[in-house]
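Enquirer: The structure follows.
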Amino acid sequence: MKIQTFAGVLLLFCSIAWTAENAGHEIIVYKDPNCGCCSDWATYLRDNNFTVTEVNVDDISLYKSKYNVPANASSCHTAVIQAYVIEGHVPVEDILRLLQEKTDITGLSVPGMPLGSPGMEMGDRSQAYDVLAINKDGSTSIYNSYEEK
């Protein structure tokens, strides 16, 4: 019985610590008001304890330009968190890693709209995709990769 109590307390502590660590990350998502996958990504962020402000815009390209998103890194929505731009359907794990490491880059991108990325789920179907680091000079490099499932 003592082991079960200890395990329960440990699980509760870990859960509280994870929630506290990830709570309060405020992110602004600039998106087309008619884009369902952008709203799905925002919901995914909320489900992972982010505070999300969705801003519907008529011309998303203005925000891509404002935040220096290169054409090869472009996707359907542009978000800003702390000093970073998050372009497209970037997984939470990569955003949290970026915020923890405080990497000296402009931000992260998942170019296009790859099937199976957060907000682009279609059952169990998915495709391989890369999360790109957008470097200060406008170049990109692979930050993380996801395999086809």
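Enquirer: Applying the Karplus parametrisation 6.51 cos²θ - 1.76 cosθ + 1.60 with θ = phi - 60° to the phi angles of segment 94-100, what ³J(HN,Hα) value in whole Hz is obtained for each residue in order, glycine and proline being reported as x?
Expert: Taking θ as phi minus 60°, the curve returns 6, 5, 4, 4, 4, 5, 6 Hz for segment 94-100.
Enquirer: Which of the GluC sites (Glu not before Pro) found in segment 65-149 are loop residues per DSSP with 12 or fewer other Cβ atoms within 10 Å of their Cβ?
Expert: Here the GluC sites (Glu not before Pro) that fit, given the DSSP loop and packing criteria, are E147, E148.
Enquirer: I would also like to ask the following. Once the Cβ-Cβ distance between N56 and R97 is put in as r, and R0 is 22 Å, what FRET efficiency do you end up with, to the nearest 0.05?
Expert: It comes out at approximately 0.15.
Enquirer: Mind listing the long-range amide H neighbours of L132? Cut-off is under 5 Å, sequence gap 5 or more, other chains count too, H placed in the peptide plane at 1.01 Å from N.
Expert: S109, V110, Y143
Enquirer: If each residue of separation counts as 0.36 nm, what is the full-extension length gain between A71 and R46 once their alpha-carbon separation is subtracted?
Expert: Full-extension gain reported as 6.2 nm.
Enquirer: Determine ³J(HN,Hα), in whole Hz, for all residues of segment 27-38 in sequence, where each value follows from phi through the Karplus function 6.51 cos²θ - 1.76 cosθ + 1.60 and θ = phi - 60°; x replaces Gly and Pro.
Expert: 9, 10, 10, 8, 8, 6, x, 9, 8, x, 5, 5
Enquirer: Taking θ = phi - 60°, what integer Hz values does the Karplus form 6.51 cos²θ - 1.76 cosθ + 1.60 yield along segment 62-79, in sequence order, with x for Gly and Pro?
Expert: Computed from phi, the couplings for segment 62-79 are 4, 6, 4, 5, 4, 9, 6, 8, x, 4, 6, 10, 5, 9, 8, 9, 10, 10 Hz.
Enquirer: Under the rule of at least 5 residues apart or a separate chain, name every residue whose amide H is placed under 5 Å from the amide H of E54.
Expert: V29
We did not get these values from a lab; they are worked out from the coordinates using the rules stated. Quick caveat: nothing in here was measured; it's all calculated off a predicted structure. Here the Cβ is made from the backbone with ideal geometry for all residues, glycine too, and neighbour counts use every protein chain on show.
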